[in-house]
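The values are calculated or read from the model by the stated rules, or taken from the named source; none is laboratory data. Fair warning: this is a prediction, and the values are worked out from it, not measured in the lab. Positions of Cβ are backbone-derived with ideal geometry, glycine not excepted, and every protein chain shown enters the neighbour counts. These area figures cover heavy atoms from the full protein model, side chains too; ligands, DNA and RNA do not enter into them. Shrake-Rupley method; radii C 1.70, N 1.55, O 1.52, S 1.80 Å.
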Amino acid sequence: MRKFVKLGICGLMAAMVATGCSKKNTTGTTDPTATATQVTETSEGAAEDSVTLGEYKGVAYTPASVEITDEQVDNEVQKLADSNLAEVDRPAAEGDTVNIDYVGKKDGVAFDGGTASGYDLKLGSNTFIDGFEDGLIGAVKGQKLDLDLTFPEGYPSEDLAGQAVVFEVTVNAVKTPSELNDDLVMANTDYKTLEEYREATRNDLEKQAADNAEYQKQSSVFQTIMNNSQVVASEESIQAAYDEAMTYYETMATNSGMELETLVGYYGMDLDTFKAQVRTQAEENAKQQLVVNAIADKEGIKVTDEELESMAEEYGFESVDKMKESAGENVVNESLLTNLVLKFVSDNAVAE
């Protein structure tokens, strides 16, 4: 499926490229046999956009495997059973899911974050601290247990790190994956038999593998083109890419009900570091867009009304105008042009 994000040619985070890149027109030669780049200086002394394309047709690539094994199909089909648990009347074993209520106490007092009701815990998932899941092996429905445990020394909460605690646990149910059969398939899918579901699953996996292989092909081919080209992005183009990226993240933070600094904290960095990385990626994005534009100019590749309408329909917008209003006209046009160029260079690539 085509995406607003420019898959395969941006590196900080996939979402970042949804903000688009340079807004300037490509200048300079786009002759694929050219060996020099013409760079001019603005009145402020910053270089203007300039591109000298390397070879972009007949680029060599290594095809990715699209083979799907029986084991992959089995594992995917098994997810249907795993997501439809059936209660059993026996002691819990590793791999079972127990539904539990629990209260964690330190020195007889419940601590924050240590209490839950109706929690489904898969035994063997290593979701809880050491000893918790093992302590529930052999438990039966209705049983109450006290688990004497110790939090690890490196636990994030300083109040609990290395501390002895007691979890008071009540087992509400013991559940295991349902049996894979025609009845399960009919009750939970649009298929009538397990064999039909298995065959449809294989087809889906094969399509995913083909899509992934094409994505890797486009990424590899375009990176080779970038490596073989000489590109200079102006400060204006870089700043435009940076501003759009930051606007995107600030909007994301606002929509999530938090400050941008809090949002980037989830990526394990402070705001200044994040901005520096956005800036670095903005320069790369601007250069990539210049190369996309140069190839499009050279080959006469243009975004048509029909392609815009197709994209709007694919994303569920009632019109192209609504799509542009939602995502931004520049983002839509550049993303679609990028998709068209990536497909062109991919179609003209040569497998090694």
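Starting from segment 193-215, keep only residues that are assigned to a helix (DSSP H, G or I), then list their pairs with residues that are of a type in the set (Ser, Thr, Tyr) whose Cβ atoms are within a distance under 8 Å, requiring at least 6 positions of separation or different chains.
Sorted first by the residue in segment 193-215, then by its partner, the pairs are TYR197/THR189; TYR197/TYR191; ALA200/TYR191; ALA209/SER65; ALA213/SER65; GLU214/SER346.
Select from segment 114-156 the residues that are touching a residue at least 40 places away in the same chain (Cβ under 8 Å) and either within 16 Å of ASP101 (Cβ to Cβ) or of a type in the set (S, T, N, Q) (or both) and write down the one among them that is surrounded by the most Cβ atoms within 10 Å (Cβ to Cβ).
Here is the first cut: in segment 114-156, the residues touching a residue at least 40 places away in the same chain (Cβ under 8 Å) are 114, 118, 120, 136-141.
The next check asks that each one be either within 16 Å of ASP101 (Cβ to Cβ) or of a type in the set (S, T, N, Q) (or both); those that pass are 114, 118, 120, 136, 139-141.
On the way: GLY114: 17, GLY118: 9, ASP120: 12, LEU136: 25, ALA139: 20, VAL140: 13, LYS141: 18.
Checked segment 114-156; the qualifying residue surrounded by the most Cβ atoms within 10 Å (Cβ to Cβ) is LEU136.
Based on what the data block shows, is THR170 free of Cβ contacts under 8 Å to residues at least 12 places away in the same chain, open to solvent by less than 80 Å² (accessible area, probe 1.4 Å) and more than 30 Å from PHE344 (Cβ to Cβ)?
On the way: free of Cβ contacts under 8 Å to residues at least 12 places away in the same chain: no; open to solvent by less than 80 Å² (accessible area, probe 1.4 Å): yes; more than 30 Å from PHE344 (Cβ to Cβ): yes.
Answer is no for this residue.
Go through the residues of segment 85-107 one by one and say whether even a single one is polar (S, T, N, Q), part of a strand (DSSP E or B) and buried (at least 18 other Cβ atoms within 10 Å of the Cβ).
Start the filter on segment 85-107 by keeping residues that are polar (S, T, N, Q), which leaves 97, 99.
Still in the running and part of a strand (DSSP E or B): 97, 99.
Among the residues that remain, those that are also buried (at least 18 other Cβ atoms within 10 Å of the Cβ) are: 97, 99.
Scanning segment 85-107 turns up at least one residue that is polar (S, T, N, Q), part of a strand (DSSP E or B) and buried (at least 18 other Cβ atoms within 10 Å of the Cβ).
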